[in-house]
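We did not get these values from a lab; they are worked out from the coordinates using the rules stated. All values reported here derive from a predicted model rather than from experimental measurement. Virtual Cβ from ideal backbone geometry, glycine too; neighbours counted across all protein chains shown.
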Amino acid sequence: MKFFIDTASLNDIRTAQNLGVLDGVTTNPSLMAKEGITGQENVHAHYRAICEIVDGDVSAEVIATDYPGMLEEGLQLAALDSKIVVKVPMTEDGVRAIKYFSTHGIKTNCTLVFSAGQALLAAKAGATYVSPFVGRLDDISVDGLALIREIRTIYDNYAFSTQILAASVRHSAHILGCARIGADVMTGPLQAIYSLLKHPLTDSGLAQFLADHQRVAAQINN
Ligand code: G3P
């Protein structure tokens, strides 16, 4: 399973990249706003900066909601770097835009997906990635991981090449659930990735190893 980081923070992206487990980045307009990035020039410069840090795909979301606007904005974003994936919302105009981009060799990520029907439509339109929002479904007491499982079954039935990018992933249980089901990618914030790292028995075990080593080393030196 590929690990993407869901942030526009260059510091967090660098930290995940330095850990050596990062396969790509996803952003959205809220995450860009959180970093104070506004205006086309600044937005484009920020995406270029992200592409310089990571080796894999970088999702850049269109702001336009109409078909011609999505095409114009998406083509500009795609021209920034070969790593750019144009992120398009699951709307009627969005599905049409995904179809256009897929037939013109431009990678897409269909976002704001909350049902298997929407995921099926995204795959039919030729999306490179589909982003079902696991955490936001859990927030409304709907099983987000069950949706990932349903999409996996449907895509496998017909060998769709669209990759399931489990989004709105919040913690280690989400990541492990996605891995068990066979999501192609998960995207989450830095703390979700780091939540996989820690175990109290690792810390106490390491402390014991070092203490034993130092005790014997001290005996030999005396
Ligand atoms: O980028 C889309 C998605 O990952 C957002 O996650 O935590 O805001 O629901 P969240």
*Work from the charge dipole of region 1-94 (Cβ charges, +1 for Lys and Arg, -1 for Asp and Glu, about the Cα centre) and give the residue of Leu71, Val54, Thr26 farthest towards its positive end.*
Val54
*With each label point set 7 Å from Cα along the Cα-Cβ vector, what nm distance links Gln219 and His171?*
4.4
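Out of all DSSP beta bridges in the chain, what portion is antiparallel? Express it as a percent rounded to 5.
0
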*Can you find, among His104, Phe114, Ser131, the residue farthest towards the positive end of the dipole of region 80-181? Put +1 on the C-beta of Lys and Arg, -1 on that of Asp and Glu.*
His104
*Within the P(r) computed for region 4-87, what percentage of the Cα pairs occupies the region above 18 Å?*
36
*asked:* As a test of the definition: which semi-axes, in Å, follow for region 70-222 when you take the square root of five times each eigenvalue of its alpha carbon gyration tensor? Largest first, please.
replied: 43, 19, 13
_Mean ellipticity per residue at 222 nm, deg cm²/dmol - from DSSP H runs of n ≥ 4 across the chain, formula -39500 (n - 2.57)_ = -16500 deg cm²/dmol
*Assigned charges on the beta-carbon of Lys, Arg, Asp, Glu; region 1-97 dipole about Cα centre (debye)*: 220
*In the structure shown, do any of Lys2/Lys124; Lys2/Lys107; Lys34/Lys99; Lys83/Lys107 have a Cα-Cα gap over 20 Å, and if so which?*
Lys2/Lys124; Lys34/Lys99
*asked:* Please report the antiparallel percentage of DSSP beta bridges with both residues in region 107-190, rounded to the nearest 5.
replied: 0
*Can you list the HN-Hα couplings for region 16-33, worked out from phi with the Karplus curve (6.51, -1.76, 1.60; θ = phi - 60°), rounded to whole Hz and with x for Gly and Pro?*
5, 4, 5, 5, x, 10, 8, 10, x, 9, 10, 10, 8, x, 5, 5, 5, 4
